[in-house]
Amino acid sequence: MTKTLEMGFRNEQGGSVTLRLLDPKPDLTMAQVRAVMQKIITKNIFATSGGDLTQVASIQVRSVDVQDLA
């Protein structure tokens, strides 16, 4: 099973931007992720075609179970 942390942001034009990280720590908390996301916004780390990131929109961990067919 593959797990991915998905951090959703809004930009200046109201668009959605999602950053994905593979294999997040199993004991990761909402508060920890929100703090990192706020730091990303404050330090203006990423540029988007819709302008700067302005707010946290969503936080989720997605699990996918992949089975190869042989």
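Descriptive notes on the structure:
- Hits among lysines - C-alpha to C-alpha of residue 3 under 18 Å, sequence gap 8 or more where chains match: 25
- Here the Kirkwood formula puts the hydrodynamic radius of the chain at 13.2 Å, using every distinct Cα pair.
- Between the Cα long axis of helix 30-42 and the first principal axis of the chain there is an angle of about 40°, rounded to the nearest 10.
- A simple spin-label model places pseudo-atoms 7 Å from Cα toward Cβ; at residue 57 and residue 29 they are separated by 2.7 nm.
Read the figures in this text as sums done on the coordinates, not as results from a lab. The model shown is predicted, which means the values in this text are computed figures rather than measured ones. We place every Cβ from the backbone using ideal geometry, glycine too, and count neighbours over all the protein chains shown.
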